[in-house]
Amino acid sequence: MTHTDTTLKPHGFWKTDHYLPRTGEKAFCEALRQLSRPFYVVDVNGQIGVAQEGTATIGPHTQAASNCYRLLGWSPPLALASLGDPGFKSDHGLNFAYVCGAMANGITSTAMVEAAGRAGMIGFFGAGGLPIDQIESAIDTLQKNLADRPFGFNLIHSPSDMDLEQKTVDLYLARGIRLVSASAYLDLTVPLVQYRIHGIHRNDQGKIVCPNRIMAKVSREEVARKFFSPPAEKILQRLKKQGKITDEQAEMARQIPMAQDLTAEADSGGHTDNRPALCLFPTMKTLRDEMARQHGYGMPLRVGLAGGIATPESAAAAFAMGAAYILTGSVNQSCVEADTSTLVKRMLAEARQADVIMAPAADMFEMGVKVQVLKRGTMFSMRGSKLYDIYRTHDRFEDVPEGQRKLVEESFLKHTFEQEWEHTQAYFSRRDPVQVDRALKDPKHKMALVFRSYLGRASLWAKSGAPDRVIDYQIWCGPAMGAFNEWVKGSVLEPPQNRKTVTVALNLLYGAAVISRLNGLRNQGVDPPVAAGMLSPIAEAQLSSLCPYDFEGVNDPVF
């Protein structure tokens, strides 16, 4: 709209210092997007005019002086760093309320975590599914390269391998990892609680200090309640019995939440309950307030949002609902820093919102838990579902009808079942010998281990780009990937080789800030031109010029 509503009452008046207001769609869009400057919308002889300097007098009883214009709307400068919860950014040493979520098998790589940390964001290394030596190598890299800058590591629940979860916690404690992203938990575990309260003490002022922090990623209210509560008493007693905490530490642990920061995980890639963000987030906020009142912690509880964050509109909506921070996952997997194959990045860059599907999870196969994966270009979901159906209906592989056995061996495993068992047995003999002992006594468990081996390796085939296994690729992906691809179509970020993690993040934050500014003007009665909300990703240099204050004082400039 280029003309004003003559019945609209002004909010006050605006007077120029030097320059007259500009009119027209182009002028409106240019001024709106210069976030470092104030933005005034005025009435210029019945047309919308915009200005970025001068003096505004606001109030219903203000009187117009000479050379004044009716003020229809206004917006102060809006820094990207102002989005999100100030306490979250301060506590974690961040410039921006932006988190690069952990993608397992090291897909959220040290390079990605380092890029985020140097830009004033935070990334979590995707430690899930990796052996201890690889996790420790990543710790060496990030502690050396980032030093005191923010970063974290993933701690994924491993119900089928609790020994690995304990060893991972022991490593984090030994190496001084102070922040973890806890994911896929259905309940609290002993290793998780041990990590949280290790080293808890009182400072000289008597205040409880808990050096280790957990950022929980959950999609269920009952699980969120446990993370916003103190550690379970039975686990505290067990840790006391093991000599890992004292009576005094147990008493202090009863006064803190397991997690101060909780990510409401909506419809995301990988482990997800496919919850809609518009329903999930308000529920988690209400729970947060309930738990804060109930326990009276000496710290605020905070909720961030993940799942579907892929466009300026979705990021702006998250912050508008009160998200302390936003967390991205699927969109980062197509970025240059992601440790996955070029073929997978190309497949992700071609995905649309409907190109995702649920498939059995390798780590929780027997429980029937599913993960969200890419459907386009792969048959992993169909094949994984077939294996689960066979497992559910038969007690041993030998009982499976011959035609189905032949399909599994020739098309899925590409070995006989017994040959595949030899490989599986060798793997678990090194990693978890108890599983082998159980499988030798229980043919159904033996079948589960072989099928889990296929499911687990399917993600590694995708990561390495195995050319003979494309049809079996397991690529964790949510509908956000399709939304992102549609947004970046025809822009600098359409080719995967241009998708740098920080460039994607800054475009999302910048777009969210512009949309937030635009919505603020609408709430004042301004009817902006349609083009004002049409934002395509832009190059780094342009971002720097449009919001320069966001990059002042950054230790390692992105640009």
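The values are calculated or read from the model by the stated rules, or taken from the named source; none is laboratory data. For clarity, every value in this text was computed on a predicted model and none was experimentally measured. Backbone-built Cβ (ideal geometry, glycine too); neighbour counts: all protein chains shown. Note: accessible area is taken over every heavy atom of the protein model, side chains too, but ligands, DNA and RNA are not part of it. Shrake-Rupley method; radii C 1.70, N 1.55, O 1.52, S 1.80 Å.
Under 8 Å for C-alpha pairs, at least 6 residues apart: give me the relative contact order for the chain, rounded to a whole percent.
For the chain, the relative contact order is 16 percent.
Taking the square root of 5 times each eigenvalue of the Cα gyration tensor, what semi-axes in Å does the equivalent ellipsoid of the range 52-154 have, largest first?
So the equivalent ellipsoid measures 48, 12, 10 Å along its semi-axes.
Return one quarter of the surface area of the convex hull spanned by the alpha-carbon atoms of the chain, equal to its mean projected area, in nm².
29.4
When a/c reaches 1.5 or more, the comparison of a/b and b/c decides; with that in mind, is the range 452-535 rounded, prolate or oblate per its Cα gyration tensor?
prolate
Straight-line reach from K345: which aspartates and glutamates fall under 18 Å, measuring Cα to Cα and dropping same-chain residues less than 8 apart?
Within reach: E337, D355, D468, D472, E486, E494.
Using a simple charge model, +1 on the beta-carbon of Lys and Arg, -1 on the beta-carbon of Asp and Glu, nothing else, what dipole does the range 290-373 show about its Cα centre, in debye to the nearest 20?
So the dipole magnitude of the range 290-373 works out to roughly 180 debye.
Treat each spin label as a single point 7 Å out from the Cα along the C-beta direction, and report the Q419 to D399 distance in nm.
2.7
Taking the Cα centre of the chain as origin, work out the dipole magnitude from +1 charges on Lys and Arg Cβ and -1 charges on Asp and Glu Cβ, in debye rounded to 20.
Approximately 480 debye in magnitude.
With all protein chains present and a 1.4 Å probe, how do H423, H394, H295, H18 order by accessible area, largest first?
Of H423, H394, H295, H18, the descending order of accessible area is H18, H423, H295, H394.
What pairs in K386/K441; K144/K463; K414/K446; K207/K241; K463/K500 have C-alpha atoms more than 21 Å from each other?
K386/K441; K144/K463; K207/K241
Report the one residue of V373, A480, A224 whose Cα lies farthest in the direction of the positive end of the charge dipole of the chain (charges on C-beta: Lys and Arg +1, Asp and Glu -1; origin at the Cα centre).
A224
Per-residue accessible area for R225 at 1.4 Å probe radius, Å² rounded to 10?
Surface open to solvent at R225 totals about 80 Å².
Output ³J(HN,Hα) for the range 452-465: one whole-Hz value per residue in order, computed from phi by the Karplus curve 6.51 cos²θ - 1.76 cosθ + 1.60 with θ = phi - 60°, and x for Gly and Pro.
Residue by residue, the range 452-465 yields 5, 4, 4, 4, x, 6, 4, 6, 6, 4, 5, 4, 7, x Hz.
Which of the listed residues, L20, L508, S36, is farthest toward the dipole's positive end in the chain, when Lys, Arg count +1 and Asp, Glu count -1 at the beta-carbon?
Sorting the options by dipole projection puts first L20.
If r is the Cβ-Cβ distance from R431 to E30 and R0 is 60 Å, what FRET efficiency results, to the nearest 0.05?
0.55
Quick check: the distance between the Cα centres of the range 484-551 and the range 212-238, to the nearest angstrom?
Cα centroid to Cα centroid, the span is 37 Å.
Given a 1.4 Å probe and the protein chains all in place, what does the accessible area of T393 round to, in Å² to the nearest 10?
Looks like 80 Å² after rounding.
Sort the range 128-237 into rounded, prolate or oblate with this rule: let a ≥ b ≥ c be the square roots of the eigenvalues of the Cα gyration tensor; rounded if a/c is under 1.5, and if a/c is not under 1.5, prolate when a/b is larger than b/c, oblate otherwise.
Oblate is the answer for the range 128-237, as a/c is 1.5 or above yet b/c matches or exceeds a/b.
Counting other Cβ atoms within 10 Å of each Cβ, which chymotrypsin sites (Phe, Trp or Tyr not before Pro) in the range 7-43 have at most 12 and sit in a DSSP loop?
Here the sparse-neighbourhood loop sites are Y19.
Got a sec? Charge dipole of the range 45-196, +1 on Cβ for Lys and Arg, -1 for Asp and Glu; which of A81, A56, Y195 is way out at the positive end?
A56
Convex hull over the alpha-carbon atoms of the range 259-374: what's its volume per residue in Å³?
Dividing the Cα hull volume of the range 259-374 by its residue count gives 140 Å³.
Rank these residues by their accessible area, most exposed first, probe 1.4 Å: K375, K217.
From most accessible down to least: K375, K217.
Taking a 1.4 Å probe, which of K234, K406 shows the most accessible area, and what order do the others take after it?
K234, K406
Work out how much length R522 to R37 would gain on full extension: take 0.36 nm times their residue separation and subtract the Cα-Cα distance, in nm to one decimal.
172.7 nm
Debye sum, Cα scatterers, the range 424-468, no solvent: what log₁₀ I/I(0) at q = 0.17, 0.20, 0.34 1/Å?
-0.52, -0.65, -1.15
Restricting to bridges with both residues inside the chain, how much of the DSSP beta-bridge set is antiparallel, in percent to the nearest 5?
55
Need one number: nm distance between label points at M382 and R213, each 7 Å from Cα along Cα→Cβ, rounded to one decimal.
Roughly 4.6 nm, to one decimal.
Given a Förster distance of 25 angstrom, what is the FRET efficiency for R178 paired with K241, based on the Cβ-Cβ distance and rounded to 0.05?
0.45
Where in the range 30-114 are there GluC sites (Glu not before Pro) that are in a DSSP coil and have at most 13 other Cβ atoms within 10 angstrom of their Cβ?
Passing sites in the range 30-114 are E53.
Starting at the first residue of the range 509-517, write each ³J(HN,Hα) from the Karplus equation 6.51 cos²θ - 1.76 cosθ + 1.60 with θ = phi - 60°, in whole Hz, x for Gly and Pro.
Result, ordered by residue: 5, 4, x, 4, 5, 5, 4, 4, 5 Hz.
Could you name the aspartates and glutamates in cross-link range of K234, using Cα to Cα under 14 Å and dropping any fewer than eight places away on the same chain?
D187, D247, E251
Would you list which aspartates and glutamates come within 14 Å of K285, measuring only between C-alpha atoms, while excluding same-chain residues fewer than 8 positions from it?
D85, E221, E222, D261, E265
What distance in nm separates the simple spin-label points at S536 and A292, each placed 7 Å from Cα in the Cβ direction?
Rounded to a tenth, the inter-label distance reads 4.2 nm.
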